[in-house]
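A quick write-up on the structure given underneath.
The values are calculated or read from the model by the stated rules, or taken from the named source; none is laboratory data. Note that the structure is a prediction, hence the values are computed from the model and not measured. Here the Cβ is made from the backbone with ideal geometry for all residues, glycine too, and neighbour counts use every protein chain on show.
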Amino acid sequence: MEAVRLLAAGELAALPTETVYGLGAAALNPLACAKIFEAKERPLSDPLIVHLPSSGWLEKLARPNELALRLAEKFWPGPLTIVLPRQPIVPDIVTAGQETVALRLSAHPAFQKVAEAFGQPIAAPSANRFGRISPTSAPHVLSELDGRIPLILDGGSCPHGIESTIVLIRGEGMEILRHGPVTAEELLQFGPVSPDRGDVSAPGAMKSHYAPRTPLVVSPFPTFASSGIGLLAWTGKGEGYGAVERLSRTQDLREAAANLYGAMRRLDEADLDLIVAEPVPETGLGVAIMDRLRKAAARE
Ligand code: TXA
Ligand code: MG
(Lines give C-alpha, C1' and ligand atoms only; values in the text may rest on other atoms or scores of the structure.)
(Ligands and ions follow the chains in the order given, each with its own letter.)
Protein backbone atom coordinates (compact mmCIF):
# COMPACT_ATOMS: atom_id res chain seq x y z
CA MET A 1 0.00 0.00 0.00
CA GLU A 2 1.39 3.34 -1.11
CA ALA A 3 0.11 5.16 2.00
CA VAL A 4 1.92 2.72 4.31
CA ARG A 5 5.14 3.03 2.30
CA LEU A 6 5.00 6.83 2.54
CA LEU A 7 4.30 6.83 6.30
CA ALA A 8 7.17 4.40 6.90
CA ALA A 9 9.45 6.68 4.85
CA GLY A 10 8.54 9.67 7.04
CA GLU A 11 6.32 11.24 4.38
CA LEU A 12 2.74 12.54 4.56
CA ALA A 13 -0.45 10.84 3.37
CA ALA A 14 -3.97 12.27 3.49
CA LEU A 15 -6.33 9.60 4.78
CA PRO A 16 -10.11 9.31 5.13
CA THR A 17 -11.59 8.90 8.61
CA GLU A 18 -15.25 8.63 9.62
CA THR A 19 -15.20 12.29 10.76
CA VAL A 20 -13.09 14.32 8.28
CA TYR A 21 -9.97 13.65 6.18
CA GLY A 22 -6.73 13.61 8.18
CA LEU A 23 -3.20 14.55 7.12
CA GLY A 24 -1.20 11.61 8.46
CA ALA A 25 2.44 11.17 9.45
CA ALA A 26 4.28 8.67 11.64
CA ALA A 27 3.50 10.00 15.14
CA LEU A 28 6.72 8.73 16.70
CA ASN A 29 8.85 10.40 14.01
CA PRO A 30 9.26 14.11 14.89
CA LEU A 31 10.62 15.04 11.45
CA ALA A 32 7.66 13.45 9.73
CA CYS A 33 5.30 15.34 12.08
CA ALA A 34 7.09 18.60 11.30
CA LYS A 35 5.99 18.15 7.67
CA ILE A 36 2.35 18.27 8.81
CA PHE A 37 2.85 21.72 10.34
CA GLU A 38 4.65 22.87 7.21
CA ALA A 39 1.99 21.63 4.76
CA LYS A 40 -0.90 23.04 6.84
CA GLU A 41 0.94 26.24 7.84
CA ARG A 42 -0.13 25.35 11.34
CA PRO A 43 1.50 26.99 14.39
CA LEU A 44 3.73 24.64 16.37
CA SER A 45 1.80 25.58 19.52
CA ASP A 46 -1.19 23.56 18.25
CA PRO A 47 -0.85 19.85 19.23
CA LEU A 48 -1.78 16.91 16.98
CA ILE A 49 -4.26 14.07 17.55
CA VAL A 50 -2.62 10.63 17.50
CA HIS A 51 -4.55 7.78 15.85
CA LEU A 52 -3.81 4.32 17.26
CA PRO A 53 -3.50 1.14 15.19
CA SER A 54 -5.29 -0.71 18.01
CA SER A 55 -6.47 0.02 21.56
CA GLY A 56 -3.45 -1.96 22.81
CA TRP A 57 -1.44 1.21 22.08
CA LEU A 58 -3.43 3.32 24.55
CA GLU A 59 -1.19 2.53 27.51
CA LYS A 60 2.00 2.77 25.46
CA LEU A 61 1.31 6.43 24.66
CA ALA A 62 -0.70 7.61 27.68
CA ARG A 63 -1.67 6.91 31.29
CA PRO A 64 -5.41 6.20 31.17
CA ASN A 65 -7.44 5.98 34.37
CA GLU A 66 -10.46 3.70 34.86
CA LEU A 67 -12.82 6.25 33.27
CA ALA A 68 -10.63 6.64 30.17
CA LEU A 69 -10.49 2.87 29.73
CA ARG A 70 -14.28 2.64 29.95
CA LEU A 71 -14.73 5.42 27.36
CA ALA A 72 -12.26 3.75 24.99
CA GLU A 73 -14.04 0.44 25.44
CA LYS A 74 -17.42 2.00 24.64
CA PHE A 75 -16.61 4.51 21.88
CA TRP A 76 -13.54 3.11 20.06
CA PRO A 77 -13.22 2.67 17.21
CA GLY A 78 -15.22 5.83 16.63
CA PRO A 79 -15.38 9.63 16.70
CA LEU A 80 -14.12 10.26 20.26
CA THR A 81 -10.70 11.77 21.05
CA ILE A 82 -9.50 11.35 24.64
CA VAL A 83 -6.94 13.73 26.17
CA LEU A 84 -4.73 12.00 28.75
CA PRO A 85 -1.38 12.35 30.52
CA ARG A 86 1.29 11.37 27.99
CA GLN A 87 4.05 8.78 28.12
CA PRO A 88 7.59 10.06 27.41
CA ILE A 89 7.70 8.17 24.08
CA VAL A 90 5.35 10.76 22.49
CA PRO A 91 7.43 13.43 20.71
CA ASP A 92 7.15 17.02 21.96
CA ILE A 93 6.20 18.28 18.52
CA VAL A 94 3.04 16.13 18.71
CA THR A 95 1.89 17.48 22.10
CA ALA A 96 3.25 21.00 21.50
CA GLY A 97 5.25 20.48 24.67
CA GLN A 98 2.15 19.81 26.81
CA GLU A 99 2.02 17.00 29.34
CA THR A 100 -1.09 15.55 27.69
CA VAL A 101 -1.70 13.70 24.45
CA ALA A 102 -4.94 13.45 22.45
CA LEU A 103 -5.72 9.90 21.27
CA ARG A 104 -8.28 8.37 19.00
CA LEU A 105 -8.97 5.14 17.10
CA SER A 106 -10.68 5.60 13.76
CA ALA A 107 -13.51 3.34 12.62
CA HIS A 108 -13.00 4.10 8.92
CA PRO A 109 -12.17 0.83 7.11
CA ALA A 110 -9.56 2.43 4.81
CA PHE A 111 -7.88 4.23 7.72
CA GLN A 112 -7.91 1.07 9.81
CA LYS A 113 -6.31 -0.90 7.00
CA VAL A 114 -3.47 1.61 6.71
CA ALA A 115 -3.01 1.90 10.49
CA GLU A 116 -2.92 -1.88 10.96
CA ALA A 117 -0.50 -2.43 8.07
CA PHE A 118 1.74 0.43 9.29
CA GLY A 119 1.52 -0.95 12.83
CA GLN A 120 2.47 2.37 14.46
CA PRO A 121 0.49 5.38 15.66
CA ILE A 122 -0.36 8.04 13.06
CA ALA A 123 -0.54 11.74 13.92
CA ALA A 124 -3.32 13.29 11.84
CA PRO A 125 -4.96 16.70 12.11
CA SER A 126 -7.69 17.63 9.65
CA ALA A 127 -6.23 17.84 6.12
CA ASN A 128 -6.89 21.54 5.53
CA ARG A 129 -4.71 24.61 5.71
CA PHE A 130 -4.74 26.10 9.20
CA GLY A 131 -7.95 27.87 10.19
CA ARG A 132 -9.89 26.65 7.16
CA ILE A 133 -12.85 24.31 6.73
CA SER A 134 -12.08 20.62 7.38
CA PRO A 135 -12.21 18.44 4.23
CA THR A 136 -14.93 15.79 4.03
CA SER A 137 -13.99 14.43 0.59
CA ALA A 138 -10.79 13.82 -1.42
CA PRO A 139 -11.46 16.77 -3.80
CA HIS A 140 -11.72 19.04 -0.71
CA VAL A 141 -8.26 17.87 0.40
CA LEU A 142 -6.91 18.51 -3.08
CA SER A 143 -8.26 22.06 -3.07
CA GLU A 144 -6.57 22.69 0.30
CA LEU A 145 -3.21 20.96 -0.10
CA ASP A 146 -2.55 20.34 -3.82
CA GLY A 147 1.18 20.33 -4.52
CA ARG A 148 2.07 20.09 -0.83
CA ILE A 149 1.46 16.38 -0.19
CA PRO A 150 2.35 13.22 -2.14
CA LEU A 151 -0.86 11.21 -1.69
CA ILE A 152 -4.58 11.43 -0.95
CA LEU A 153 -6.22 8.10 -0.28
CA ASP A 154 -9.74 8.53 -1.68
CA GLY A 155 -12.29 6.89 0.60
CA GLY A 156 -15.31 8.86 -0.65
CA SER A 157 -17.29 11.19 1.62
CA CYS A 158 -16.77 11.06 5.38
CA PRO A 159 -19.89 9.61 7.06
CA HIS A 160 -19.99 12.00 10.08
CA GLY A 161 -18.63 15.03 8.25
CA ILE A 162 -17.70 16.83 11.46
CA GLU A 163 -14.58 16.47 13.64
CA SER A 164 -14.42 14.06 16.58
CA THR A 165 -15.61 15.01 20.05
CA ILE A 166 -12.58 15.86 22.23
CA VAL A 167 -12.92 14.98 25.89
CA LEU A 168 -10.41 15.84 28.61
CA ILE A 169 -10.33 13.45 31.57
CA ARG A 170 -10.03 15.06 35.01
CA GLY A 171 -10.17 12.35 37.65
CA GLU A 172 -13.66 10.86 37.57
CA GLY A 173 -14.99 13.76 35.51
CA MET A 174 -14.83 14.97 31.93
CA GLU A 175 -14.61 18.26 30.09
CA ILE A 176 -15.66 18.57 26.47
CA LEU A 177 -12.97 20.57 24.65
CA ARG A 178 -14.69 20.23 21.27
CA HIS A 179 -18.26 19.10 20.61
CA GLY A 180 -18.70 16.41 17.98
CA PRO A 181 -20.52 13.22 17.01
CA VAL A 182 -20.31 11.72 20.51
CA THR A 183 -22.69 13.94 22.48
CA ALA A 184 -22.57 15.28 26.05
CA GLU A 185 -25.65 13.14 26.81
CA GLU A 186 -23.75 9.98 25.83
CA LEU A 187 -20.69 10.95 27.88
CA LEU A 188 -22.84 11.73 30.94
CA GLN A 189 -23.55 8.03 31.34
CA PHE A 190 -19.88 7.56 32.30
CA GLY A 191 -19.48 10.37 34.81
CA PRO A 192 -19.95 14.09 35.38
CA VAL A 193 -19.35 16.37 32.40
CA SER A 194 -18.39 19.93 33.31
CA PRO A 195 -18.08 22.90 30.97
CA ASP A 196 -14.66 23.54 29.45
CA ARG A 197 -12.71 25.41 32.18
CA GLY A 198 -10.62 27.02 29.51
CA ASP A 199 -7.26 26.32 31.11
CA VAL A 200 -6.49 23.19 29.04
CA SER A 201 -8.74 24.05 26.12
CA ALA A 202 -7.81 22.66 22.72
CA PRO A 203 -5.44 25.32 21.38
CA GLY A 204 -6.74 24.85 17.83
CA ALA A 205 -10.37 25.24 18.87
CA MET A 206 -10.09 29.01 19.03
CA LYS A 207 -12.91 31.34 18.19
CA SER A 208 -12.31 31.98 14.50
CA HIS A 209 -11.88 28.59 12.91
CA TYR A 210 -13.51 26.41 10.29
CA ALA A 211 -13.82 29.64 8.36
CA PRO A 212 -14.96 30.22 4.79
CA ARG A 213 -13.37 33.21 3.05
CA THR A 214 -16.79 34.79 2.48
CA PRO A 215 -18.15 36.54 5.60
CA LEU A 216 -20.74 34.40 7.37
CA VAL A 217 -23.45 35.36 9.86
CA VAL A 218 -25.80 33.14 11.82
CA SER A 219 -29.33 34.54 11.70
CA PRO A 220 -32.58 32.93 12.91
CA PHE A 221 -35.07 34.54 10.52
CA PRO A 222 -33.12 35.45 7.41
CA THR A 223 -35.29 37.94 5.55
CA PHE A 224 -32.78 40.16 3.75
CA ALA A 225 -32.42 38.06 0.60
CA SER A 226 -30.47 39.34 -2.40
CA SER A 227 -28.45 37.87 -5.26
CA GLY A 228 -25.18 38.62 -3.43
CA ILE A 229 -26.21 36.59 -0.40
CA GLY A 230 -26.10 32.80 -0.03
CA LEU A 231 -28.29 30.88 2.41
CA LEU A 232 -27.16 27.87 4.41
CA ALA A 233 -30.68 26.67 5.03
CA TRP A 234 -32.22 24.61 7.81
CA THR A 235 -35.94 25.34 7.33
CA GLY A 236 -35.95 28.46 5.12
CA LYS A 237 -37.00 28.29 1.46
CA GLY A 238 -34.26 30.53 0.21
CA GLU A 239 -36.24 32.56 -2.33
CA GLY A 240 -34.33 35.54 -3.63
CA TYR A 241 -30.88 34.36 -2.54
CA GLY A 242 -27.94 34.08 -4.92
CA ALA A 243 -27.33 30.48 -3.84
CA VAL A 244 -28.95 28.08 -1.42
CA GLU A 245 -27.53 24.99 0.30
CA ARG A 246 -29.95 22.92 2.35
CA LEU A 247 -28.38 21.01 5.27
CA SER A 248 -31.12 18.38 5.43
CA ARG A 249 -34.49 18.16 3.70
CA THR A 250 -35.88 16.10 6.58
CA GLN A 251 -34.33 18.22 9.39
CA ASP A 252 -32.08 15.30 10.31
CA LEU A 253 -29.09 16.56 12.36
CA ARG A 254 -26.87 13.65 11.28
CA GLU A 255 -27.46 14.42 7.64
CA ALA A 256 -26.91 18.11 8.38
CA ALA A 257 -23.53 17.42 10.01
CA ALA A 258 -22.44 15.24 7.10
CA ASN A 259 -23.39 18.00 4.61
CA LEU A 260 -22.17 21.01 6.61
CA TYR A 261 -18.60 21.52 5.38
CA GLY A 262 -19.33 20.59 1.76
CA ALA A 263 -22.22 23.06 1.72
CA MET A 264 -20.04 25.80 3.28
CA ARG A 265 -17.35 25.17 0.65
CA ARG A 266 -19.82 25.38 -2.24
CA LEU A 267 -21.26 28.65 -0.94
CA ASP A 268 -17.74 29.96 -0.40
CA GLU A 269 -16.95 29.23 -4.06
CA ALA A 270 -20.15 30.88 -5.36
CA ASP A 271 -18.66 34.39 -5.40
CA LEU A 272 -21.06 35.82 -2.82
CA ASP A 273 -20.69 38.88 -0.57
CA LEU A 274 -22.21 37.18 2.44
CA ILE A 275 -23.36 33.77 3.65
CA VAL A 276 -26.34 33.66 6.02
CA ALA A 277 -26.61 30.46 8.07
CA GLU A 278 -29.85 29.51 9.79
CA PRO A 279 -29.32 28.09 13.28
CA VAL A 280 -30.15 24.43 13.92
CA PRO A 281 -31.68 23.12 17.18
CA GLU A 282 -29.00 22.84 19.88
CA THR A 283 -29.67 19.28 20.93
CA GLY A 284 -27.52 16.18 20.31
CA LEU A 285 -25.35 16.73 17.23
CA GLY A 286 -26.87 20.19 16.84
CA VAL A 287 -24.52 21.42 19.60
CA ALA A 288 -21.48 20.53 17.47
CA ILE A 289 -23.02 22.02 14.31
CA MET A 290 -23.84 25.34 16.04
CA ASP A 291 -20.34 25.42 17.54
CA ARG A 292 -18.84 25.20 14.01
CA LEU A 293 -21.26 27.82 12.61
CA ARG A 294 -20.40 30.28 15.39
CA LYS A 295 -16.69 29.73 14.79
CA ALA A 296 -17.16 30.22 11.05
CA ALA A 297 -18.92 33.50 11.85
CA ALA A 298 -16.22 34.75 14.24
CA ARG A 299 -13.80 37.12 12.55
CA GLU A 300 -10.98 37.30 15.07
O1 TXA B 1 -12.05 14.11 13.76
C2 TXA B 1 -10.93 14.53 14.08
O3 TXA B 1 -10.58 14.71 15.25
C4 TXA B 1 -9.94 14.81 12.92
C5 TXA B 1 -9.58 13.48 12.27
C6 TXA B 1 -8.60 13.65 11.14
O7 TXA B 1 -9.07 12.61 13.25
N8 TXA B 1 -8.78 15.50 13.42
C9 TXA B 1 -8.79 16.79 13.79
O10 TXA B 1 -7.56 17.26 14.17
O11 TXA B 1 -9.80 17.46 13.82
P12 TXA B 1 -7.24 18.82 14.32
O13 TXA B 1 -5.79 18.89 14.57
O14 TXA B 1 -7.75 19.53 13.15
O15 TXA B 1 -8.00 19.22 15.62
C16 TXA B 1 -7.55 18.66 16.83
C17 TXA B 1 -7.76 19.58 17.97
C18 TXA B 1 -6.97 20.86 17.87
O19 TXA B 1 -7.83 21.92 18.22
C20 TXA B 1 -5.88 20.68 18.91
O21 TXA B 1 -5.52 21.91 19.48
C22 TXA B 1 -6.54 19.76 19.90
O23 TXA B 1 -7.30 18.89 19.12
N24 TXA B 1 -5.59 18.97 20.69
C25 TXA B 1 -4.66 18.12 20.24
N26 TXA B 1 -3.93 17.62 21.27
C27 TXA B 1 -4.42 18.18 22.39
C28 TXA B 1 -4.09 18.08 23.79
N29 TXA B 1 -3.10 17.33 24.23
N30 TXA B 1 -4.82 18.81 24.65
C31 TXA B 1 -5.83 19.58 24.24
N32 TXA B 1 -6.18 19.73 22.94
C33 TXA B 1 -5.49 19.03 22.02
MG1 MG C 1 -8.55 21.05 12.16
Residues that are more than 23 Å from residue 291 (Cβ to Cβ), touching a Pro at 6+ places or on another chain (Cβ under 7 Å), touching a residue at least 40 places away in the same chain (Cβ under 8 Å) and assigned to a loop (DSSP other than H, G, I, E, B): does segment 91-99 have at least one?
yes
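Here is a check on your reading of the model: is residue 159 of a type outside the set (D, E, K, R), assigned to a loop (DSSP other than H, G, I, E, B) and more than 16 Å from ligand 2 (Cβ to nearest atom)? Walk me through it before giving the result.
On the way: of a type outside the set (D, E, K, R): yes; assigned to a loop (DSSP other than H, G, I, E, B): yes; more than 16 Å from ligand 2 (Cβ to nearest atom): yes.
Yes: the conditions hold for residue 159.
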Every pair of residues 6+ apart whose Cβ atoms lie under 7 Å, when the first sits in segment 38-53 and is under 27 Å from residue 72 (Cα atoms) while the second is more than 12 Å from ligand 1 (Cβ to nearest atom) and among the aromatic types (Phe, Trp, Tyr)
53/118
List, please: which pairs have Cβ atoms under 7 Å, are six or more places apart or on different chains, and start with a residue in segment 132-143 that is in the same structural domain as residue 111 (by TED's automatic domain parsing) and end with one that is among the β-branched types (Val, Ile, Thr) and surrounded by 21 or more Cβ atoms within 10 Å (Cβ to Cβ)?
134/20; 135/20; 135/141; 136/20; 138/152; 141/152; 142/152
Within segment 101-115, work out how many residues are within 12 Å of ligand 1 (Cβ to nearest atom) and either outside any strand (DSSP E or B) or at pLDDT below 95 (or both).
6
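Confirm whether residue 168 is among the aliphatic types (A, V, I, L, M), at pLDDT below 95 and out of contact with any Phe, Trp or Tyr (no Cβ under 8 Å at 6 or more places or on another chain).
Numbers: among the aliphatic types (A, V, I, L, M): yes; at pLDDT below 95: no; out of contact with any Phe, Trp or Tyr (no Cβ under 8 Å at 6 or more places or on another chain): yes.
Considered against the rule, which asks whether it is among the aliphatic types (A, V, I, L, M), at pLDDT below 95 and out of contact with any Phe, Trp or Tyr (no Cβ under 8 Å at 6 or more places or on another chain), residue 168 comes out as no.
Whether any residue in segment 248-257 is in a helix (DSSP H, G or I) and either exposed (fewer than 15 other Cβ atoms within 10 Å of the Cβ) or among the aromatic types (Phe, Trp, Tyr) (or both) is what I want to check. Give the steps one after another, and end with the answer.
First pass over segment 248-257, keeping only residues in a helix (DSSP H, G or I): 253-257.
Then drop every residue that is not either exposed (fewer than 15 other Cβ atoms within 10 Å of the Cβ) or among the aromatic types (Phe, Trp, Tyr) (or both), which leaves none.
No, segment 248-257 has no match at all.
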Going through segment 51-94 one residue at a time, which ones are surrounded by 20 or more Cβ atoms within 10 Å (Cβ to Cβ), among the small types (Gly, Ala, Ser) and over 20 Å from the mean Cα position of the chain (by Cα)?
62, 68
Look through segment 15-53, keep the residues that are within 12 Å of ligand 2 (Cβ to nearest atom) and in a strand (DSSP E or B), and return whichever of them is farthest from residue 182 (Cα to Cα).
23
When residue 60 is run through (1) within 16 Å of ligand 2 (Cβ to nearest atom); (2) closer than 24 Å to residue 172 by Cα, the failure sits at (1)
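Give me the residue from segment 162-183 that is assigned to a loop (DSSP other than H, G, I, E, B) and more than 11 Å from ligand 1 (Cβ to nearest atom) and, out of that set, nearest to residue 140 (Cα to Cα).
Start the filter on segment 162-183 by keeping residues that are assigned to a loop (DSSP other than H, G, I, E, B), which leaves 162-164, 171-172, 179-183.
Narrowing the set further to residues that are more than 11 Å from ligand 1 (Cβ to nearest atom) leaves 171-172, 179, 183.
Values: 171: 39, 172: 39, 179: 22, 183: 26 Å.
The extreme case among them is 179.
Keeping to segment 45-100, report how many residues are among the hydroxyl-bearing types (Ser, Thr, Tyr) and more than 10 Å from ligand 1 (Cβ to nearest atom).
Within segment 45-100, the first condition is being among the hydroxyl-bearing types (Ser, Thr, Tyr), and the residues that meet it are 45, 54-55, 81, 95, 100.
Checking the rest, the ones that are also more than 10 Å from ligand 1 (Cβ to nearest atom) come to 54-55.
Number satisfying all stated conditions: 2.
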From 88, 121, residue being more than 16 Å from ligand 2 (Cβ to nearest atom), without any contact (Cβ under 8 Å) to a residue 40 or more places away in the chain and in the same structural domain as residue 65 (by TED's automatic domain parsing)
88
Do any residues in segment 236-254 that are within 21 Å of residue 268 (Cα to Cα) have Cβ atoms under 6 Å from those of residues that are aliphatic (A, V, I, L, M) and assigned to a loop (DSSP other than H, G, I, E, B), where the two are at least six apart or on different chains, and which pairs are they?
240/225; 241/225; 242/272; 243/270
Tally, over segment 116-160, of residues that are among the hydroxyl-bearing types (Ser, Thr, Tyr), within 14 Å of ligand 1 (Cβ to nearest atom) and within 20 Å of residue 214 (Cα to Cα):
2
For segment 129-153, what are the residues that are assigned to a loop (DSSP other than H, G, I, E, B) and either surrounded by fewer than 24 Cβ atoms within 10 Å (Cβ to Cβ) or more than 16 Å from ligand 2 (Cβ to nearest atom) (or both)?
129, 130, 131, 132, 137, 146, 147, 148, 149, 150, 151, 153
